[in-house]
Amino acid sequence: TSVNTLITRTGSKIGLIVSKGYMESLYSKEPKEVEPIYSLISRDLILEIEEEIDNQGNIIKPIKHDEVLSKMQYLIDMGARAITVSLKNSHINYTHEKQFKSIIKEHYPNYYLGSVRVFLASEISDQPGDFYRTNAVVINGYIHDSLVKYLYKAEDDLRENLCQHPLMVAHSHGGVARVAKTRAIDTYASGPALGVIGAGNVAAIYGFRNVLTVDIGGTSLDLGFIRDGLYSYDLIPSVAGLPVTVPMITTHSAALAGGSIASLDSSRNIQIGPKSAGARPGPACFDLGGLEPTVTDADVVLGFIDPGYFLGGRIRLNREKAILAIKTRIADPLKISVEEAACLIREETGVRTQKDILQFLEGQGVGVKALSDFAVVVYGGAGPTHFCDFAKGLPFGHSLTSPYAAVFSAFGSSTTDLLHTYSKFVRIDLLDKGKYLTDYKKLNQIVGILSEIAKNDIRGEGFPPDKALFFLEMVGDKELAGVRIKTDKMFLHSESDVKELCTKFGKAGRQGGGKVSISTVVLNALVPMPHLKIKASKLSKEDPGKAFKNHREVFWSPKIGYQKTPIYELALLVPGNVVVGPAIVEAKDTTYVIPANRSFKVDKYSNGMIEEA
């Protein structure tokens, strides 16, 4: 929901308050860095107030009560549905931000203020970087309403259906928590993150240590990455083109999926997206008023998707509407047949997807030659339909699909645990000029405070705190900026404990030139949850005959034209069965397209292996 809200720019109308002198720069040194924020918030809804806190956290100019009220009233009158506040140095001293919120609550109580909310940057992140925190609180305010709309309604629906278990919401750092303990920005890319976690659990069964995940749905293409069995984390990820200090599992999203609209650019070349038909009106074949041709329309026109078996037959697609959309917008202007135009749409989709994959991997330091050491796990409603197109020429060691393809992120949620993360900005030298830290009081005190907060939150979620597992992460400062280490030791008691941390920093990255300093302490509190167990089955014969449904005319390419193609039912395939292309394997939630040079094998775990035939 969060990703789609940002991709389609359908979030709330919000206002922003910053410190005086920063209304134009928003604390950035590069004017170009600020541009993406104006796609989320109008320039005339950004105001400044006179106050000042220095780099040491000292109050230089107190906040003015009347100015807060006047600026707040202006933003409300301008139609802002949420107010975001990001004041300079609030990561060191959040007093002024708290005072701002307190003044608003006093003069605009809930029954008067209605649905206008106030979000503070210091509540989203306590990390250095005023520009990053500003981005984070703006994004949080922008997507908050979409979170409320879906999640609170989902929880109400569960209660109405007599479900007594709490609704757990996935977070982009890899864990889950109750709705009340969830901030909107925590859910950004949580679906893709869950897919990565699910893929990691599936890959572990086979012993795959390096994994690329490819999720193609109706609105977005989402990529994920696992190396040496470990998830990759972004400490300052980019959200909607804006860097934020909210650590997340590394994923990449692009507006490239089944609902992406196909059009012609000024040079009459096929262009896929970024505009999407969404779920409503959706592709033209949905027959809900959509007139633009989409990737899914091309799949229907070519015969890859059966109009009578979409979602297992629950929705009947209109092939004639798909033909008309492609003919009007693509085929006639190019003076080619509808089938040729549909092939061009699929071909460009594959090219664009492969390009995104290679750019993503390059950013992770992985070249094409290294792909033989990688397994690719493909899922999403449109993933299996387009895999063989975008994987062309990429030498993956293994290609894997799941029987839960269209709901794979939900499957991933069944492999996660309750996880709360707390952080505190500090500046402590563990090693300086050959001397190790000897006064552990400040660090241990911070950990103690975070631990008590964590225990109270876990208790509030209905779990006993003694069932929780606690571990710390420490983020390096200065020479070690960005280096993050993990330790099971909660408190420091001796010089050897400090030496151990310094050694971990050395192994994690740089030695720091003889100095080891930390900027942030992160406490993770994890409560193990019951997980779905993937069981192996006995392999049957290769013959998939019992799953055969019928033949269908499929237009594979302009060169081949229409070809009588066997159609199989995924639910009737059993472990050991092998479908040799050209063939189509249909499921209730997706379609597997297997061309002539590929085969689809169901292995002992009921996963599908796509291999060269």
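The values are calculated or read from the model by the stated rules, or taken from the named source; none is laboratory data. This is a predicted model, so every value here is computed, not measured. FYI the Cβ positions are ideal-geometry reconstructions off the backbone, even for glycines, and counts take in every protein chain you see. Protein only, heavy atoms only, side chains kept; ligands, DNA and RNA dropped before computing areas. Shrake-Rupley method; radii C 1.70, N 1.55, O 1.52, S 1.80 Å.
Couple of notes before you dig in:
- Filtered residues of the range 553-570 (kept if at pLDDT below 95 and among the hydrophobic types (A, V, I, L, M, F, W, C)): I560
- Test: residue in the range 280-300 that is in contact with a helix residue (DSSP H, G or I) (Cβ under 9 Å, 6 or more places away or on another chain), at pLDDT below 90 and within 20 Å of D589 (Cβ to Cβ): yes
- Listed by position, the helices (runs of 4 or more DSSP H) contained in the range 1-93 that have at least 1 residues being free of Cβ contacts under 8 Å to residues at least 40 places away in the same chain are 31-34, 65-77.
- A single member of S260, S190 is of a type in the set (S, T, N, Q) and open to solvent by 10 Å² or more (accessible area, probe 1.4 Å), and it is S190.
- Between V602, V593, the distinction of being touching a residue at least 40 places away in the same chain (Cβ under 8 Å) and within 33 Å of the chain's Cα centre (by Cα) belongs to V593 only.
- If you go through the range 551-576 and keep only what is on the phi > 0 side of the Ramachandran plot and either open to solvent by 80 Å² or more (accessible area, probe 1.4 Å) or more than 35 Å from the chain's Cα centre (by Cα) (or both), you end up with just G561.
- Contact map, the range 216-232: residues that are free of Cβ contacts under 8 Å to residues at least 60 places away in the same chain paired with residues that are crowded, with 18+ Cβ neighbours inside 10 Å and polar (S, T, N, Q), Cβ distance under 9 Å, separation 6+ or inter-chain. Pairs shown: G224/T213; G224/T250; G224/T251; I226/N210; I226/T213; D228/N210; G229/N210; Y231/T250.
- Flag if G278 is more than 20 Å from E340 (Cα to Cα), without any contact (Cβ under 8 Å) to a residue 12 or more places away in the chain and in a loop (DSSP other than H, G, I, E, B): no
- The lone criterion from (1) on the phi > 0 side of the Ramachandran plot; (2) not in a loop (DSSP other than H, G, I, E, B) left unmet by R268 is number (2).
- Near pairs, Cβ below 7 angstrom, 6+ apart or cross-chain, from the range 306-327 (in a helix (DSSP H, G or I)) to any residue that is open to solvent by 30 Å² or more (accessible area, probe 1.4 Å): L311/K588; L311/D589; G312/K588; K321/D287; A325/L291; A325/E292
- Filter result (in contact with a Gly (Cβ under 8 Å, 6 or more places away or on another chain), assigned to a strand (DSSP E or B) and not basic (K, R)) within the range 590-603: Y592, I594, S599, F600, V602
- Residues satisfying the stated conditions in the range 1-24, i.e. over 29 Å from K153 (Cα atoms), at pLDDT below 95 and open to solvent by less than 50 Å² (accessible area, probe 1.4 Å): none
- Residues (in contact (Cβ under 8 Å) with a residue 12 or more places away in the chain and either under 14 Å from T416 (Cα atoms) or out of contact with any Pro (no Cβ under 7 Å at 6 or more places or on another chain) (or both)) located in the range 523-537: L523, N524, A525, L526, V527, P528, M529, H531, L532, I534, K535, A536
- Qualifying strands (runs of 3 or more DSSP E) (wholly inside the range 378-491; at least 3 residues being buried (at least 19 other Cβ atoms within 10 Å of the Cβ) and either in contact (Cβ under 8 Å) with a residue 24 or more places away in the chain or in contact with a Gly (Cβ under 6 Å, 6 or more places away or on another chain) (or both)): 398-401, 418-432, 469-476
- Scanning the range 580-592 for residues that are among the β-branched types (V, I, T) and open to solvent by 30 Å² or more (accessible area, probe 1.4 Å) turns up at least one hit.
- Out of I567, I518, sole residue that is closer than 25 Å to K392 by Cα and either assigned to a strand (DSSP E or B) or of a type in the set (D, E) (or both): I567
- Top-ranked residue of the range 341-371 - restricted to ones that are under 21 Å from the mean Cα position of the chain (by Cα) and not in a helix (DSSP H, G or I), ranked as surrounded by the fewest Cβ atoms within 10 Å (Cβ to Cβ): G365
Residue by residue, here is whether (1) assigned to a strand (DSSP E or B); (2) within 30 Å of M168 (Cβ to Cβ) holds:
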{"residue": "M529", "(1), (2)": "no, yes"}
{"residue": "K533", "(1), (2)": "no, yes"}
{"residue": "R552", "(1), (2)": "yes, no"}
{"residue": "Q563", "(1), (2)": "yes, no"}
{"residue": "A571", "(1), (2)": "no, yes"}
{"residue": "P575", "(1), (2)": "no, no"}
{"residue": "K588", "(1), (2)": "no, yes"}
{"residue": "Y605", "(1), (2)": "no, yes"}
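- Sole exception among (1) within 19 Å of the chain's Cα centre (by Cα); (2) closer than 30 Å to V521 by Cα; (3) open to solvent by 30 Å² or more (accessible area, probe 1.4 Å) for P274, by number: (2)
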